[in-house]
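The values are calculated or read from the model by the stated rules, or taken from the named source; none is laboratory data. Here the structure is a predicted model, which means the values were calculated and not measured. Cβ placement follows ideal geometry from the backbone for every residue including glycine, while neighbour counts extend to all protein chains displayed. Accessible surface areas use protein heavy atoms only, side chains included; no ligands, DNA or RNA. Shrake-Rupley method; radii C 1.70, N 1.55, O 1.52, S 1.80 Å.
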Amino acid sequence: MKRLRGLMLLVAVLTTLALAGLWWQSDQSREQLRRQAFDLAHQRSLNLADAMGGQIEGVLGSLDAALQGLRRDWLAHGRSDTFARLVQETLGTLPDGFVDYVSVVDASGHIVFNSYGAEAGVYVGDRPHFQAHRTGGDQLLVGTPVRSRLSGRWVFVVSRPILRESRFDGTVHLLVSSDYVAGRLAELRLSDQDVVSLVHHSGDLLAHSRYNAGALSRKVPADRPFMADRVAGGGVFRYISPLDQRWRTAGWRRHFDTGLVTVVALSDDMVLEPLRPIFDREQDMTVGLTAMLLGGATLIIVLLGRVGRSQEQLHELAAALEHRIEERTQELAELNAELEAFAYSVSHDLRTPLRSIHGFAALLEDDDAGTLTETGHTYVRRIQGATRRMGQLITDLLSMAHLNRAAVKRVPLDLGEMARSIIDDLQRSEPSRQVQWDIGEDMKVTADPVLIRAVLQNLLGNAWKYTSQTAQPRISLVRESRDDGTQTFRVSDNGAGFDMTYAAQLFQPFRRLHAHHEFEGSGVGLATVRRIIERHGGQVRGEGAVGQGASFWFSLPDAAAATEDQA
């Protein structure tokens, strides 16, 4: 009997251990699938935030174009019937419901024009956006949401300063409907539990795709990453919404021109929804195995047999899980390969019609040279120039995408030697040019040779390009300082320079400060430079003056600090 009790105890212990292992394995399988789902949700939310960020920039661009046109009209006509008519024409070019009304404020802060014909004389000089315009130069500003006294709707101000002979002379405002912007956000067509929001740099919600009316009176918490770190351009975080108490995974992107933040938040329920059938099947399987173990515990022989089968089933579950992981890994690898193939296909498919356009334009100019007018020849040359610029833009975009994806492999480098190699290439491209070069000595860093060469090619190439119209061009690359484990380098020239009013646009893709007929370029070179330097843990900035040249500073960890980071 004692032996029987010992066997019964052994059966109970073995059964308990088997059940614990079974449920642990089931929980681990669930948790791993959840982690994979949330990893994919992180990337998807960030990609969606990028996409919606592009749409928001387009909306802001159309508003800015309208503001600059109204500013010109005000400076030309002032408060007149002509200006009022031009305001209505401008509003007519915008979508219905997009803008509530237009107002103009004089330098003292009083409203002097309102397209509703009301509120003249009201003082708004204490508003933050007006104060910012008074001292902030010519920039587009977006205000916080308010409920309009005229329309009763939630609106926010988008404004530009009025500059008369470079002197501040007031502001022109567009009162933008928050409901309209919320409707544009909702066009992303996510599930009914996912949300898209537009956040002011102060933390006020400007628009919300699901709860717009209830959200506009709220501020986002100060611990959100885009509030805590004002320099970061994007990222992912998780939070529980105070509006509906749902957990969400949110990707965000910052618009550096205006400080606005686009947030795309995916509900946990929707992220996990595709996994629920798998969870249910595993739950049913685990419950069934538990019943089998408990039912077979009365007889040792049956128990041992069923324990053996249970262990076999556990191994099968583990093998199935590993197989699923391998399949997911393979799917991700195939997806990356498809993305690379897609980039190549887009490049090829875009370049082929460009080559055709360029070729036919050349044939037209050669074969029909005698019949074409001078205007016709001009049009043909403009077509050829445009196709060349488009081809270069495609090349630069693919190059920037490749450099952004490339892994950073740090090795010891001498920037002076690398710069002299690039200078030789530039000189061979235009042997007749005489440039005075000043390249510093012993500029050793630890960095990725391919990426840093792209930085120097862009900076030295720009200096070479923008000094092409200078009588005695001078270009230098020197180390300016070295402290706190960081080295700072400066590339300077005495070329065309640029207006510091537009310095904020230097490192933004496709933003050019010179016309194509003055200097060629695609507008992505400096954006590539900033991305590469930031990936190395450094910073980049530029200063210049029109006709007096430009200087660009970039910082990199010195050799010792970079070695410690890698260790």
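So that you can scan it fast, the table gives a plain yes or no per residue for (1) more than 30 Å from Met270 (Cβ to Cβ); (2) basic (Lys, Arg); (3) in contact with a strand residue (DSSP E or B) (Cβ under 6 Å, 6 or more places away or on another chain); (4) open to solvent by 30 Å² or more (accessible area, probe 1.4 Å):
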site: Thr144; (1), (2), (3), (4): yes, no, yes, yes
site: Gly152; (1), (2), (3), (4): yes, no, no, yes
site: Gly170; (1), (2), (3), (4): yes, no, yes, no
site: His173; (1), (2), (3), (4): yes, no, yes, no
site: Ala186; (1), (2), (3), (4): no, no, no, yes
site: Arg189; (1), (2), (3), (4): no, yes, no, yes
site: Val195; (1), (2), (3), (4): no, no, yes, no
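Being open to solvent by 30 Å² or more (accessible area, probe 1.4 Å), closer than 18 Å to Ser159 by Cβ and either modelled with pLDDT under 90 or not acidic (Asp, Glu) (or both) is the requirement here; does Leu67 meet it? Can you show your working first?
Details: open to solvent by 30 Å² or more (accessible area, probe 1.4 Å): no; closer than 18 Å to Ser159 by Cβ: yes; either modelled with pLDDT under 90 or not acidic (Asp, Glu) (or both): yes.
For Leu67, the condition - open to solvent by 30 Å² or more (accessible area, probe 1.4 Å), closer than 18 Å to Ser159 by Cβ and either modelled with pLDDT under 90 or not acidic (Asp, Glu) (or both) - is not met.
What is the residue count in segment 100-121 for residues that are part of a loop (DSSP other than H, G, I, E, B) and under 19 Å from Arg153 (Cα atoms)?
As a first pass, look at segment 100-121 and keep what is part of a loop (DSSP other than H, G, I, E, B): 106-109, 115-121.
Going one step further and asking which of them are under 19 Å from Arg153 (Cα atoms), we end up with 115-119.
Here the count works out to 5.
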Just checking, which of Asp27, Asp50 is among the acidic types (Asp, Glu) and loosely packed, with under 13 Cβ neighbours inside 10 Å?
-> Asp27
Inter-residue pairs, beta-carbon under 8 Å, first more than 21 Å from Val158 (Cα to Cα) and in segment 183-210, second among the aromatic types (Phe, Trp, Tyr), 6+ apart = Val195/Tyr211
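Restricting attention to segment 413-433, which residues are surrounded by fewer than 16 Cβ atoms within 10 Å (Cβ to Cβ) and either within 27 Å of the chain's Cα centre (by Cα) or over 18 Å from Leu556 (Cβ atoms) (or both)? If you could, list the steps in order and put the result at the bottom.
So the first thing to find is which residues in segment 413-433 are surrounded by fewer than 16 Cβ atoms within 10 Å (Cβ to Cβ), and the list is 414, 417, 420-421, 424-425, 427-433.
Arg420, Ser421, Asp424, Asp425, Gln427, Arg428, Ser429, Glu430, Pro431, Ser432, Arg433 - these are the residues of segment 413-433 that are surrounded by fewer than 16 Cβ atoms within 10 Å (Cβ to Cβ) and either within 27 Å of the chain's Cα centre (by Cα) or over 18 Å from Leu556 (Cβ atoms) (or both).
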Any idea which of (1) touching a helix residue (DSSP H, G or I) at 6+ places or on another chain (Cβ under 8 Å); (2) open to solvent by 60 Å² or more (accessible area, probe 1.4 Å); (3) part of a helix (DSSP H, G or I) is the one Phe83 doesn't satisfy?
-> (2)
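Which of the residues spanning segment 312-343 are acidic (Asp, Glu) and either modelled with pLDDT under 70 or open to solvent by 100 Å² or more (accessible area, probe 1.4 Å) (or both)?
Going through segment 312-343, the residues acidic (Asp, Glu) turn out to be 312, 316, 322, 326-327, 331, 334, 338, 340.
Selection gives Glu312, Glu316, Glu322, Glu326, Glu331, Glu334, Glu338, Glu340.
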Matching entry among Leu75, Leu40, Leu91 (being closer than 18 Å to Phe237 by Cα and open to solvent by 30 Å² or more (accessible area, probe 1.4 Å)) = Leu40
Pick from segment 434-454, criterion open to solvent by 30 Å² or more (accessible area, probe 1.4 Å) and not acidic (Asp, Glu), ranking: nearest to Asp558 (Cα to Cα) | Lys444
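Listed here are the residues, each with its yes/no results for (1) basic (Lys, Arg); (2) under 30 Å from Glu187 (Cβ atoms); (3) touching a strand residue (DSSP E or B) at 6+ places or on another chain (Cβ under 6 Å).
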position	(1), (2), (3)
Arg3	yes, no, no
Gly21	no, no, no
Gly54	no, yes, no
Asp81	no, no, no
Gly97	no, yes, yes
Thr249 fails exactly one of (1) without any contact (Cβ under 8 Å) to a residue 60 or more places away in the chain; (2) in contact with a Lys or Arg (Cβ under 6 Å, 6 or more places away or on another chain), namely (1)
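Return the only residue of Val271, Val264 being assigned to a helix (DSSP H, G or I) and buried (at least 16 other Cβ atoms within 10 Å of the Cβ).
Values: Val264 fails: assigned to a helix (DSSP H, G or I).
Answer to the check: Val271.
Across segment 406-436, what is the total count of residues that are part of a helix (DSSP H, G or I), in contact (Cβ under 8 Å) with a residue 40 or more places away in the chain and out of contact with any Leu (no Cβ under 8 Å at 6 or more places or on another chain)?
Narrowing segment 406-436 to residues part of a helix (DSSP H, G or I): 415-429.
Applying the additional criterion that residues be in contact (Cβ under 8 Å) with a residue 40 or more places away in the chain yields 415-416, 419.
Checking the rest, the ones that are also out of contact with any Leu (no Cβ under 8 Å at 6 or more places or on another chain) come to none.
Residues meeting the conditions: 0.
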Test set (1) open to solvent by 40 Å² or more (accessible area, probe 1.4 Å); (2) in a strand (DSSP E or B); (3) more than 27 Å from Arg210 (Cα to Cα); (4) not acidic (Asp, Glu) - Gln139 fails condition number | (2)
Filtered residues of segment 197-239 (kept if surrounded by 16 or more Cβ atoms within 10 Å (Cβ to Cβ), farther than 21 Å from Gln43 by Cα and hydroxyl-bearing (Ser, Thr, Tyr)) | Tyr211
Does any residue in segment 524-549 that is closer than 22 Å to Ser481 by Cα come within less than 6 Å, Cβ to Cβ, of a residue that is open to solvent by 60 Å² or more (accessible area, probe 1.4 Å) six or more places away or on a different chain, and which pairs are these?
-> Val540/Arg530
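For Gln469, are the conditions met, namely being outside any helix (DSSP H, G or I), open to solvent by 30 Å² or more (accessible area, probe 1.4 Å) and in contact with a Pro (Cβ under 9 Å, 6 or more places away or on another chain)?
Details: outside any helix (DSSP H, G or I): yes; open to solvent by 30 Å² or more (accessible area, probe 1.4 Å): yes; in contact with a Pro (Cβ under 9 Å, 6 or more places away or on another chain): no.
For Gln469, the condition - outside any helix (DSSP H, G or I), open to solvent by 30 Å² or more (accessible area, probe 1.4 Å) and in contact with a Pro (Cβ under 9 Å, 6 or more places away or on another chain) - is not met.
With the structure loaded, tell me whether Tyr116 is open to solvent by 60 Å² or more (accessible area, probe 1.4 Å) and touching a residue at least 24 places away in the same chain (Cβ under 8 Å) or whether it fails that test. First the steps, then the outcome.
Details: open to solvent by 60 Å² or more (accessible area, probe 1.4 Å): yes; touching a residue at least 24 places away in the same chain (Cβ under 8 Å): yes.
Yes; evaluated as a whole, the condition is true for this residue.
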Members of segment 491-511 that are charged (D, E, K, R) and open to solvent by 60 Å² or more (accessible area, probe 1.4 Å) | Asp499, Arg511
